[in-house]
1. Here is a check on your reading of the model: is residue 7 open to solvent by less than 90 Å² (accessible area, probe 1.4 Å), modelled with pLDDT of 75 or more and assigned to a helix (DSSP H, G or I)?
2. Consider residue 242 carefully, then state whether it is touching a strand residue (DSSP E or B) at 6+ places or on another chain (Cβ under 9 Å) and among the hydroxyl-bearing types (Ser, Thr, Tyr).
3. Scan region 281-295 for residues that are in a loop (DSSP other than H, G, I, E, B), open to solvent by 40 Å² or more (accessible area, probe 1.4 Å) and not hydrophobic (A, V, I, L, M, F, W, C) and jot them down.
4. Considering each of 228, 207 in turn, give the residue that is over 15 Å from the mean Cα position of the chain (by Cα), within 19 Å of residue 292 (Cβ to Cβ) and not in a helix (DSSP H, G or I).
5. Which one is surrounded by the fewest Cβ atoms within 10 Å (Cβ to Cβ) among residues in region 297-336 that are touching a Leu at 6+ places or on another chain (Cβ under 9 Å), at negative phi and of a type in the set (Gly, Ala, Ser)?
6. Could you check region 300-317 and list, in sequence order, the residues that are touching a residue at least 24 places away in the same chain (Cβ under 8 Å) and either assigned to a helix (DSSP H, G or I) or within 22 Å of residue 175 (Cα to Cα) (or both)?
7. Check residue 185 against each of (1) touching an Asp or Glu at 6+ places or on another chain (Cβ under 7 Å); (2) surrounded by 14 or more Cβ atoms within 10 Å (Cβ to Cβ); (3) polar (S, T, N, Q) and name the one condition it does not meet.
8. Being farther than 25 Å from residue 297 by Cβ and open to solvent by 30 Å² or more (accessible area, probe 1.4 Å) is the filter here, so list the residues in region 160-180 that pass it.
Amino acid sequence: MNPIERALGILLLLTGGKLVPATVLADRFHVSLRTVYRDIDRLIALGVPIDAERGAEGGYRLAKGYLQPPVALTRNETAALLTAMALARSSRTVPLANDLSSAEQKLLATLPKAVHGLLKDAERIVGIEPIPPDIFHSGTKAEATDAWQSALDGFMTGILEARRVRFDHVNPSRQTRKSHDVEPQGVMFDRDLWYLAGRCVDTDTLKVYRADRVHDLEISGFRFRPPKDFSIQSLLGGAWLSHAMRRWEQEDKISKIRLTARQAKRLSADWYYRHAVFTPIANGEILISIPSVDPGRILPLVRWLGPGAELLEPAHLREEIASEYAALANAHGSPRLEKSA
């Protein structure tokens, strides 16, 4: 029996809760007391909490509570805990970071081998976007609802079971509701919102959907083979948004705003608008093209930019902001005099 096998045997004998004398251990493994002492010291050095008591009635035993009864976690329960761990790791500092990593490995060890390939690298399917600069952006908040939770849960189940999902996706800017058949591949958390990434079956392209805009999600009976080279990490850093904006430019109407170089530099630091198209024009100015004509998005941006910015297109929003500024100019054209008593 080699030292590793003997150390494991000693560990098993000490799990009963009763004191085991060193002489009993020596007789059991046919070694000297000196060898037993050395094995005990080796276990303690590895972090095994062994209590030792001296005297005629003394001996060794494991500290109470060191070995816990096995916990049988389902695949979904393990995935939920791994997701929570990913959220915790996204913080700049995490208490007991090393223990968090070892706990993750123990969780994975409870699963059948058939799903180890999917969950052994949780970062492949769960992405946490670091909080980016928010120079100016509106409309990113959404209240959590049962439908939102149902969509996220169903999408994760589709990932774990490699089954397609069907759902309706609502586009508030176009005021449309469209059905999608998707092979789910990963989920992403960004600015207090969950996003669902998967291959759209109809277009054979990878798309990202906001979970709060997904309704009536169902898991279909169609199975698929998850791509081995996919990782949700490839969509972080705003990569998914940049790809989406290029697609929106082909599908949506465009707003164009003329900016000063200083305004463009400031806006290009924003987590959302930095992925729009910035084109240099005459006199050192910049033209930004945004794939949206939603007044709730474009007009607040123009107001925030202030003097030096000019909304060129679309014409109806240009007229609206011009009327608003004319009313403001009229109200502030001359100082308001206080009436004398």
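1. On the way: open to solvent by less than 90 Å² (accessible area, probe 1.4 Å): yes; modelled with pLDDT of 75 or more: yes; assigned to a helix (DSSP H, G or I): yes.
Yes, satisfied.
2. Numbers: touching a strand residue (DSSP E or B) at 6+ places or on another chain (Cβ under 9 Å): no; among the hydroxyl-bearing types (Ser, Thr, Tyr): yes.
Answer is no for this residue.
3. 285, 294
4. Details: 228 fails: within 19 Å of residue 292 (Cβ to Cβ).
Going through 228, 207 in turn, the sole match is 207.
5. Among residues in region 297-336 that are touching a Leu at 6+ places or on another chain (Cβ under 9 Å), at negative phi and of a type in the set (Gly, Ala, Ser), the one surrounded by the fewest Cβ atoms within 10 Å (Cβ to Cβ) is 322.
6. Here is the first cut: in region 300-317, the residues touching a residue at least 24 places away in the same chain (Cβ under 8 Å) are 300-302, 304-305, 308-314, 317.
The answer is 300, 301, 302, 304, 305, 313, 314, 317.
7. Residue 185 satisfies all of (1) touching an Asp or Glu at 6+ places or on another chain (Cβ under 7 Å); (2) surrounded by 14 or more Cβ atoms within 10 Å (Cβ to Cβ); (3) polar (S, T, N, Q) except (1).
8. Narrowing region 160-180 to residues farther than 25 Å from residue 297 by Cβ: 160-166, 179.
Those that are farther than 25 Å from residue 297 by Cβ and open to solvent by 30 Å² or more (accessible area, probe 1.4 Å): 161, 163, 164, 166, 179.
The values are calculated or read from the model by the stated rules, or taken from the named source; none is laboratory data. This structure is a prediction, so every number in the text was calculated from the model and none was measured. Virtual Cβ from ideal backbone geometry, glycine too; neighbours counted across all protein chains shown. Ligands, DNA and RNA are stripped out before the accessible areas are found, and what is left, the full protein with its side chains, is counted by its heavy atoms. Shrake-Rupley method; radii C 1.70, N 1.55, O 1.52, S 1.80 Å.
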